[in-house]
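*Asks:* Input: one structure, supplied below.
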Amino acid sequence: MESETKKAVRIIAYQNMASYRVPSSLAIKESYPLPPYSSVIGMVHAACGFESYVPMQVSIQGTCQSHVSELYTRYEFGQHTKYEAGRHQICLKNGEKKLGMNRGVAPIELLVDVYLILHIIPDDEAMVPVIAEGMLHPKNYLSLGRHEDLIRIDAVDICELKKTELEDSLVVPYDAYIPVQERERLGFASYATVYKLHKNYTIDPNLQIRLWDSVRAQLVKGGAESEIEEEEIVWLDDTPPKNYVGELKIGLPMPVFGA
C-alpha cells in the first residue's frame, strides 16, 4: 500500500473538573464522557482568534478518574413572562416592561481529573503551524466545556499521521470517540454508546438560529477489549512528545480517529 501522510497538531491537556453538557439534558445537566467535537473546535478558534470557521477534523481521546454531582445556580425566565411579586424572585426591566425571573439550584454532573489527547487536522495543511502557535500562545485564557472549566495545555506538537496497514493488532489506549462508519469498517466488537455529537454550524438566515452538522460517534473504552485486528488500515501517530512530563503514558504508535 502506498504511504499516505498528513500533518496534525497534537494537544495533550488536563482539566481538574469539567462538564460537557448533553444538550437534551434539562432537569439534571448531564455531561458527555469526553468533550464533543464542537467544544474542541470552538476552543481552537478562540485560542487562534479565528473569526470564521476553519474546516478541520478532530480526534478526541482521553480519560477521567471519576465524576461527581454538584449544585449550580439556575435562572428561569421568558421574554414575555410578566413580573409577579408573589411568584418571581427577581424583576427584570426591559424598557417600561417588567419581566419575572426565578432563581434556584439544580444538579450538574462534573468529571474529575480529565486527561485529553486531541488531534487537530485542518483541511488546509498551511494552518497547522498557525493552530500550533495559537494553542501555545492563546489570545485569551482557554476553557473547555463551561466558561469556568479551565484547561491546562501540557504539550503541543506538530505530528505526522500515516495511513498504515497494521502488521499486528493494536489496542486503543484511551477512551475515544470513533465515527460509526469507521467503527464498522474496523470491525471489532461494539458494545459502545452511540452519540450524536455537534461539530460545526451555519446560521439560518431567516430564524437566525444555529443549524448544526453532527457526527454519529461511538465512545470506545480504552484497553484490551478495544483491539484493532492486524491488516486493518488506520491513521497512526508515532511522533514522540517533545516536552511532556505529565501523568499520561503516551504509547506510540497511537491510532487517530478524525471526524
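The values are calculated or read from the model by the stated rules, or taken from the named source; none is laboratory data. Computed from a prediction, not measured in an experiment: that's the story for all the values here. All Cβ positions, even for glycine, are placed from backbone atoms using ideal geometry, and neighbour counts span all protein chains on display. The accessibility values were calculated without ligands, DNA or RNA, using every heavy atom of the protein model including side chains. Shrake-Rupley method; radii C 1.70, N 1.55, O 1.52, S 1.80 Å.
*Asks:* What nm value, rounded to one decimal, do you get for the distance between ILE158 and GLN89 when each label is placed 7 Å out toward the C-beta?
*Replies:* Going from the ILE158 label point to the GLN89 one covers 5.2 nm.
*Asks:* State the Kirkwood hydrodynamic radius of the range 1-92 in Å, one decimal place, computed from all pairs of distinct Cα atoms.
*Replies:* 17.7 Å
*Asks:* Also, I was wondering about something else. Using a/c under 1.5 as the rounded threshold, could you call the range 38-106 rounded, prolate or oblate? The axes a ≥ b ≥ c are square roots of the C-alpha gyration tensor eigenvalues, and prolate needs a/b larger than b/c, oblate otherwise.
*Replies:* Working: a/c = 4.84, a/b = 1.78, b/c = 2.72.
It is oblate, given that a/c is not under 1.5 and a/b is not larger than b/c.
*Asks:* Using the alpha-carbon atoms, what tilt in degrees (0 to 90, nearest 10) does helix 37-48 show relative to the longest principal axis of the chain?
*Replies:* Once rounded, one gets 90 degrees.
*Asks:* How do TRP235, TRP212 rank by accessible surface area computed with a 1.4 Å probe, from largest to smallest? All intermediate terms of the calculation are to be shown ahead of the outcome.
*Replies:* On the way: TRP235 45, TRP212 90 Å².
In descending accessible area the options line up as TRP212, TRP235.
*Asks:* Also: Run the simple label-point estimate for GLU182 and GLU96 please: 7 Å along Cα→C-beta, distance reported in nm.
*Replies:* The two pseudo-label positions are separated by 5.9 nm.
*Asks:* State, to one decimal in nm, how far the label point of THR81 lies from the label point of ARG216, with both points 7 Å from Cα in the Cβ direction.
*Replies:* 3.7 nm
*Asks:* A further question follows. With the cut-off at 1.5 for a/c, could you classify the range 61-150 from its C-alpha gyration tensor as rounded, prolate or oblate?
*Replies:* Taking the square roots of the gyration eigenvalues as a ≥ b ≥ c, the range 61-150 is oblate.
*Asks:* Compute the orientation-averaged projected area for the chain from the convex hull of its Cα atoms and round it to one decimal in nm².
*Replies:* That works out to 16.9 nm², a quarter of the Cα hull's surface.
*Asks:* Take the alpha carbon atoms of the range 33-76, find their center, do the same for the range 158-199, and report the distance between the two centers in whole angstrom.
*Replies:* 20 Å
*Asks:* Report the gain in length on full extension from GLU148 to GLN208: 0.36 nm times residue separation, minus Cα-Cα distance, nm rounded to one decimal. Each step should come with its number before you reach the end.
*Replies:* Numbers: separation 60, 0.36 × 60 = 21.60 nm, distance 2.70 nm.
18.9 nm is the gain from fully extending GLU148 to GLN208.
*Asks:* Sticking with this one: Please report the relative contact order for the range 34-177, taking Cα pairs under 8 Å with a sequence separation of at least 6, and give it as a percent rounded to a whole number.
*Replies:* On the way: 203 pairs, mean separation 47.1, N = 144.
Value for the range 34-177: 33 percent.
*Asks:* Would you mind calculating the relative contact order of the range 107-259 from Cα pairs under 8 angstrom and at least 6 residues apart, reporting the percent as a whole number?
*Replies:* Normalised by residue count, the contact order of the range 107-259 is 29 percent.
*Asks:* In angstroms, what radius of gyration and Dmax does the range 189-259 have, counting Cα atoms only?
*Replies:* Both quantities, over Cα of the range 189-259: 17.7, 51 Å.
*Asks:* At a 1.4 Å probe radius, which order do LEU161, LEU248, LEU207 fall into by accessible area, largest first?
*Replies:* Result, largest first: LEU207, LEU248, LEU161.
*Asks:* Now, a different point. At a Förster radius of 30 Å, what calculated FRET efficiency corresponds to the Cβ-Cβ distance of ILE233 and THR193, to the nearest 0.05?
*Replies:* 0.75
*Asks:* Right, next: I need the calculated FRET efficiency for the pair GLN65 and VAL130, taking r as the beta carbon distance and R₀ as 35 Å, to the nearest 0.05.
*Replies:* Approximately 0.55, to the nearest 0.05.
*Asks:* Ratio of alpha-carbon Rg to the 2.2 N^0.38 Å globular estimate for the range 134-259, to two decimals, please.
*Replies:* It is 1.26.
*Asks:* Still on this structure, please answer the following. Which order do the peptides 198-206, 5-13 come out in when sorted by mean C-beta neighbours inside 10 angstrom, highest first?
*Replies:* With the highest mean Cβ count within 10 Å placed first, the list reads 5-13, 198-206.
*Asks:* Another question about this same structure. If contacts are Cα pairs under 8 angstrom and at least 6 residues apart, what is the relative contact order of the chain in percent? List each step's numbers first, then the result.
*Replies:* Values: 575 pairs, mean separation 68.6, N = 259.
For the chain, the relative contact order is 26 percent.
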